[in-house]
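A short write-up of the structure that comes next.
Laboratory data are not the source of any read-out in this text; all were calculated from the coordinates shown. What you see is a predicted model, and the numbers here were worked out from it, not measured in a lab. Here the Cβ positions follow ideal geometry from the backbone for every residue, glycine too, while neighbour counts run over all protein chains shown.
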Amino acid sequence: MDDILFVGTKGNEKNDGIVCCHVNNEIYQISKIEFADKMENFSFFACAYKKKTLYAAGRDSKTNTDFINVYKVNNGDIAFVEKRIVASIGISFMRVAFEDRNLLVSGYDAGNVYCFEIGEEGELSNTYLRFAFPSEKKKQEKEPEVNIYSAEYRQNGSHPHAIYGVDFTGMILIPDLGKDKIWILKKGEHELNLINSCSIKPQSGPRHLVINNETSYVYLLTELTSSLYTLKYEVLEAEMTVVDKKSALPDTYIGNNLSADIVLSPNGKYLYVSNRGANCVCVFEINEENGIPVLLQSVPTAGWPRALQFSENFKVLYILNEEYESSKGSLESYCVSRYGRLSDRTKLIDLENAYNFIRW
């Protein structure tokens, strides 16, 4: 059976949009690829699987406003439903939450987050809940030089990089790259309420996280320091405390790096972290007694690994490499063993301007 991967491309005005790749996950080959739809300045995907709906975020370069396209999905074919304008916020992440009832959206540029209601057919509500984080900017004598590795350049204000709903609780976790915090919000009927926060070491740049609902551990990946944090999350008290911090990189690597994505194996035993610069995926085995991950393996990638996705049967880890300097857009895969290790690397396809993807 094929896995369907929707890939968003960004960087070429003529070819920006959504590409649909069918992957035979038994022989690890692309069986079909087609251009699904054109859209401007793509940034992120989310899926409401039960409602067979795909959401794709982009930005209109003329008006400088963000938007979300809504599509119905049928065996890899997508049909456009609607376009929802979301002001100028710089959408960096979206996640369907709370049993497909809400679409959560993080606005990296504007320092705020949105919560849309999802209708029975996957449509987005006309109204939404919004929360703006404190975003006082640091006083600087002069504008910092453009340097994607620099905290001085990247942390001038609040930058919520991602957003996650905690099932059955109404709680929402937001790693803020600009403020070195994880914010904890509670979804109410008419508003999003700030309940608590957890501070991370300054200049770390929290990016993505995963939640193990069985153990109440949260694993946070920081972009600027390439660190992997283990945090204990007390759901009822809405409190989070740091248990452990370690490097997300191979022991031997020295050089610039921006950690990007993190995924948790379905059995909750292994973490997979992508590193841009070191150009690798690191595998961590989680200690069952204390929840702390230990580096198990590091495998190379063909370029800057921006995003990770498991196959439907969880036997394959798909990796998207983004375009940056010498890194070319591509999709590749590794087989996942029952013990979490990766092997049998396969380059699936070169894909110009690949930026992010999602497995349907």
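Among 143, 26, 121, which one moves the most in a GNM of the chain with springs linking Cα atoms closer than 10 Å?
143
Apply the Karplus curve 6.51 cos²θ - 1.76 cosθ + 1.60, θ = phi - 60°, to the phi angles in the range 265-279 and return the couplings in whole Hz, x for Gly and Pro.
After applying 6.51 cos²θ - 1.76 cosθ + 1.60, I find 5, x, 7, x, 9, 9, 10, 10, 10, 9, 10, 9, x, 6, 6 Hz.
Quick one: Debye curve from the C-alpha atoms of the range 68-109, no solvent, what's log10 I(q)/I(0) at q = 0.25, 0.27 Å⁻¹?
-1.01, -1.05
Provide the convex hull volume over Cα atoms per residue for the range 26-100, in Å³.
Convex hull volume per residue, Cα atoms: 126 Å³.
Placing +1 at every Lys and Arg Cβ and -1 at every Asp and Glu Cβ, with all other atoms neutral, what dipole size does the chain have around its Cα centre, in debye to the nearest 20?
340
If each residue of separation counts as 0.36 nm, what is the full-extension length gain between residue 312 and residue 147 once their alpha-carbon separation is subtracted?
Full-extension gain reported as 55.6 nm.
Which trypsin sites (Lys or Arg not before Pro) in the range 104-204 pass both tests, a DSSP loop state and at most 13 other beta-carbon atoms within 10 Å?
Listed in order of number, the matching sites are 137, 138, 139, 142.
Which whole-Hz ³J(HN,Hα) couplings does the range 52-60 yield from phi under the Karplus relation 6.51 cos²θ - 1.76 cosθ + 1.60, θ = phi - 60°, glycine and proline marked x?
6, 10, 10, 10, 10, 9, x, 9, 7
Quick one: Karplus J couplings for the range 200-212, per residue in order, coefficients 6.51, -1.76, 1.60, θ = phi - 60°, nearest Hz, x for Gly and Pro?
So the J values, rounded to whole Hz, are 10, 3, x, 6, 7, x, x, 10, 10, 8, 10, 10, 9.
Mean shadow of the range 38-155, computed from the convex hull of its alpha carbons, in nm²?
The orientation-averaged projected area of the Cα hull of the range 38-155 comes to 9.1 nm².
As a check on your grasp of the helix formula, calculate [θ] at 222 nm for the chain: sum -39500 (n - 2.57) over DSSP H runs of n ≥ 4, divide by the residue count, round to the nearest 500.
0 deg cm²/dmol
Give a quick list of GluC sites (Glu not before Pro) in the range 274-360 that DSSP marks as loop, anything other than H, G, I, E or B, with at most 11 other Cβ atoms within 10 Å.
In loop regions of the range 274-360 (DSSP not H, G, I, E or B), the sparsely surrounded GluC sites (Glu not before Pro) are 288, 289, 325.
Per the Debye formula with a single identical scatterer at each Cα and no solvent contribution, what log10 I(q)/I(0) holds for the chain at q = 0.12, 0.15 Å⁻¹?
Scattering profile of the chain, log10 relative to I(0): -0.88, -1.49.
Which part of the range 265-283 falls in the paramagnetic zone of residue 212, meaning amide N under 20 Å from the point 7 Å along Cα-to-beta-carbon?
Counting only backbone N, you get 265-274, 282-283.
Run the numbers on the chain and let me know its relative contact order in percent, using alpha-carbon pairs under 8 Å that are six or more apart.
It comes to 11 percent, rounded to a whole number.
Taking 0.36 nm per residue of separation and subtracting the Cα-Cα distance, what length does fully extending residue 26 through residue 128 add?
Result for the pair: 32.5 nm of gain on full extension.
In Å, what Rg and Dmax follow from the Cα atoms of the range 213-297?
Here Rg and the maximum Cα pair distance are 12.9, 41 Å.
At 25 °C and 0.890 mPa s, grab the translational diffusion coefficient of the range 157-259 from Stokes-Einstein with a Kirkwood Rh over Cα pairs, rounded to a whole number in µm² per second.
Once the numbers are plugged in, D ends up at 175 µm²/s.
Using square roots of five times the C-alpha gyration tensor eigenvalues, list the equivalent-ellipsoid semi-axes of the range 281-360 in whole Å, biggest first.
25, 14, 11
Could you list 339, 55, 128, 355 so that the one with the fewest beta carbons within 10 Å of its beta carbon is first and the one with the most is last?
Least to most surrounded, the residues fall as 339, 128, 355, 55.
Taking amide H atoms as placed 1.01 Å from N in the peptide plane, list the residues 5 or more away in sequence, or in a different chain, whose amide H sits under 5 Å from that of residue 208.
221
What's the exposure ranking of 221, 54, going from fewest to most Cβ atoms within 10 Å?
Ascending number of Cβ neighbours within 10 Å: 54, 221.
So which of 14/72; 51/83; 52/187; 51/315; 269/328; 72/269 end up more than 28 Å apart, counting from Cα to Cα?
269/328; 72/269
Report the extension gain between residue 63 and residue 190 in nm, rounded to one decimal, defined as 0.36 nm multiplied by the number of residues separating them, less their alpha carbon distance.
Residue separation times 0.36 nm, minus the Cα-Cα distance, leaves 42.8 nm.
How do 335, 47 line up, fewest other C-beta atoms within 10 Å first?
By the 10 Å Cβ count, ascending, the order reads 335, 47.
Check which residues have an amide H placed less than 5 Å from residue 259's amide H, if you skip close sequence neighbours.
Counting only residues 5 or more places away or on other chains, the set is 226, 276.
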